[in-house]
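Each value in this text was obtained by applying a stated rule to the coordinates, not by laboratory testing. Quick caveat, the model's predicted, so the values are computed rather than measured. For neighbour counting, all protein chains shown are included, and Cβ atoms are generated from backbone atoms with ideal geometry for every residue, glycine included.
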Amino acid sequence: MLLSLFALLNSCGSLPSFARNQSIPYDCFAPGDVYNDTDGNLIQAHGGQISQYTYQENGETVTKYVWIGEDRKNGYYAEVNAYSSTDLYNWDFEGTILKRVPSMEAIDEDSYFNSLYSSLTLREREDLLKAIGPTSVIERPKLLYNAKNDNYVLWFHQDGYSSVNDYYRYGTGNAAVAVSDSIFGPYRFIASHRLNYVTDGFNANPNSLGEARDMNLFLDDDNQAYIVYTSENNKSLFISRLNEDYTDLAVPASLAKEGEDFTRIFPNAMREAPVLTKYDGRYYLMSSSTTGWMSNSARVYSSDTIFGKYVNDGNPCVGNGKMVTFDTQSTSIFKYGEQYIYLGDRWDSQDLRDSRYVFLPITFEDAKMQIRYYSKWNLKGERI
Ligand code: GAL
């Protein structure tokens with residue numbers, strides 16, 4: 001035991017401020033530390049998602065972890081980056097997979113945008129610029145592989161100034177979707193949607209139906225996909241079933257039935273940053289409270305069925321720092337073998353580019369999700 005702790009300290013703790021680079025591969029997680037890719041650049045994948053995929057690389061079939069997230073190198077106005085890894089510690093940059101369209105002219109003049117959008121009408125081009133133009137908000141990108149169409153579907157929180165709201169950056173409140181035949185893009189924006197809503201009974205924001213802000217995706221064992229999002233002005237979480245292409249709701253919002261096509265969980269509870277996972281047949285929905293870039297207490301709701309009765313399991317975090325989720329906000333939960341792993345963002349609102357990542361192991365005890373903090377840990381089970 002002492003020896004393995006010493007080994008862990010040596011392999012992680014003795015490296016100067018974890019300024020790891022290609023010549024010293026990472027061999028552990030160091031929550032909140034500077035995290036570089038294998039080229040030595042800061043990883044830019046905030047509000048992201050890690051998942052394992054099998055795909056073609058240079059004519060070979062590979063299975064790798066893929067991390068997508070917000071590229072905040074220019075600050076507020078993010079694009080979407082992708083990285084790949086075989087060991088979860090060392091990440092190769094795979095490029096910017098969704099780019100914002102800089103101008104109307106770029107659609108004709110820039111070959112990248114021309115190849116994606118040249119067939120759009122003027123009206124569609126205007127909508128495209130509104131959705132992913134220079135001042136659009138692109139946040140919390142999440143990816144699914146669609147086996148039916150053998151393509152990749154990228155969803156993200158799409159926001160911006162609206163015609164009725166030209167002073168508030170989050171005046172649109174939509175979820176947008178883009179597709180690509182290859183995992184690392186380029187992704188072509190196809191639509192920006194409002195989602196399901198409730199009109200009979202309480203609605204915390206009845207004048208703006210179907211908003212989608214912080215969001216996530218969930219793929220169930222039967223390949224049915226769901227979008228999980230905060231709606232009603234960040235007051236109520238929803239889970240909605242997606243269609244077979246994963247590109248839209250399964251049933252149009254005007255026809256969708258609560259309990260069959262979507263569910264609304266603890267209306268008015270003011271939760272966001274949702275992450276849905278499944279352990280031992282039970283659904284666990286983790287979220288944060290709504291305090292912008294500032295960290296707050298996480299909460300887990302759990303249920304035996306996806307649209308079932310969720311119960312409040314309380315704060316999954318244990319120990320020092322639990323009231324502020326170890327200074328993070330939830331963004332992804334993924335598996336390494338049987339080990340569930342939490343990925344949170346430690347936002348730096350003054351310098352979003354330098355927001356940090358926190359990876360922590362998750363355990364399930366008496367059917368409750370628990371997250372404990374370790375300053376260094378690895379996948380061999382060593383933790384300090
Ligand atoms: C947070 C949200 C982030 C971002 C931020 C902007 O609440 O989780 O994704 O939207 O607010 O203030």
With the contact rule set at Cα under 8 Å and sequence spacing of 6 or more, what percent relative contact order holds for region 161-313? 15 percent
Tell me which of Gln56, Asn296, Asn378 sits at the most positive position along the dipole axis of the chain, charges placed on C-beta atoms (Lys, Arg +1; Asp, Glu -1). Asn296
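For every helix of n ≥ 4 consecutive DSSP H residues, a contribution of -39,500 (n - 2.57) applies; sum these over the chain, divide by its total residues, and give [θ] at 222 nm rounded to the nearest 500 deg cm²/dmol.
Values: 4 runs with 31 residues, N = 384.
Rounded to the nearest 500, it is -2000 deg cm²/dmol.
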Least to most buried among Val101, Val318, by other C-beta atoms within 10 Å and fewest first, runs Val318, Val101
Other residues with Cβ under 15 Å from the Cβ of Arg140 give, with Lys and Arg +1 and Asp and Glu -1, a net charge of -4
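Past 22 Å, Cα to Cα: identify those pairs from Lys335/Lys380; Lys335/Lys368; Lys322/Lys368; Lys130/Lys235, in the order given. Show your work: numbers first, answer last.
Working: Lys335/Lys380 14 Å; Lys335/Lys368 17 Å; Lys322/Lys368 15 Å; Lys130/Lys235 25 Å.
Going by Cα-Cα distance, Lys130/Lys235 fall outside the 22 Å limit.
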Under a Cβ-only charge scheme (Lys and Arg +1, Asp and Glu -1), can you give me the dipole magnitude of the chain about the Cα centre, in debye to the nearest 20? 1040 debye
Which of the aspartates and glutamates could a cross-linker span from Lys278 if the Cα-Cα distance has to be under 20 Å and same-chain partners fewer than 8 positions apart are dropped? Asp214, Asp220, Asp221, Asp222, Glu260, Asp261, Asp304, Asp313, Glu338, Glu365, Asp366
Sorting Asp304, Asp327, Asp200 on the 10 Å Cβ count, fewest up front, what's the list? Asp200, Asp304, Asp327
So what is the relative contact order for the chain, in percent, with contacts set as C-alpha pairs under 8 Å and at least six apart? 13 percent
Length released on extending from Lys73 to Ser182, taking residue separation times 0.36 nm less the Cα-Cα span: 36.8 nm
As a test of understanding, state the convex hull volume per residue of the chain from its alpha carbons, in Å³. 150 Å³
Taking the DSSP beta bridges in the chain as the whole, what percent of them are antiparallel, to the nearest 5? 95 percent
Cα extents of region 87-226 along the three principal axes, largest first (Å): 46, 43, 31
Local electrostatic count, Glu232, Cβ distance below 10 Å [Lys/Arg +1, Asp/Glu -1]: +2
For Lys73, give me every one of the lysines with a C-alpha distance below 18 angstrom, ignoring sequence neighbours fewer than eight places off in its own chain. Lys99
Sorted by Cβ density within 10 Å, fewest first, the residues Ser111, Ser375, Ser295: Ser111, Ser375, Ser295
Pairwise centroid distance, computed over Cα atoms, of region 58-131 with region 294-350, Å: 28 Å
Between Asn81, Asn36, Asn312, find the one with the highest GNM mean-square fluctuation for the chain; connect C-alpha pairs within less than 10 Å. Asn312
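Tally Lys/Arg at +1 and Asp/Glu at -1 over every other residue whose Cβ is under 15 Å from the Cβ of Gly201; what's the total? Don't jump to the answer; show the numbers that get you there.
On the way: positive: Lys235, Lys257, Arg264; negative: Asp200, Glu232, Glu258.
In short, 0.
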In the chain, if the dipole is taken from +1 on Lys/Arg beta carbons and -1 on Asp/Glu beta carbons about the Cα centre, which of Tyr83, Ile362, Tyr197 is farthest to the positive end? Ile362
Between Ile138, Ile306, Ile24, where does the largest GNM mean-square fluctuation fall for the chain, given springs only between Cα atoms within less than 10 Å? Ile24
Separation in nanometres of the label points that stand 7 Å from Cα toward Cβ, at Asp354 and Trp293: 1.2 nm
What number, in percent, do you get for the relative contact order of region 256-372 if the mean sequence gap of Cα pairs under 8 Å and at least 6 apart is divided by its residue count? 19 percent
Under 14 Å from the Cα of Lys64, which aspartates and glutamates turn up, not counting those fewer than eight places away in the same chain? Asp87, Asp92, Glu94
Just Gly292, Gly337, Gly185 to compare: in a GNM of the chain, with alpha carbon springs under 10 Å, which one fluctuates most? Gly337
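Figure the gain on full extension for Asp245 and Tyr112 (residue separation times 0.36 nm, minus the Cα-Cα span) and round it to one decimal in nm.
Values: separation 133, 0.36 × 133 = 47.88 nm, distance 2.48 nm.
This chain segment gains 45.4 nm when fully extended.
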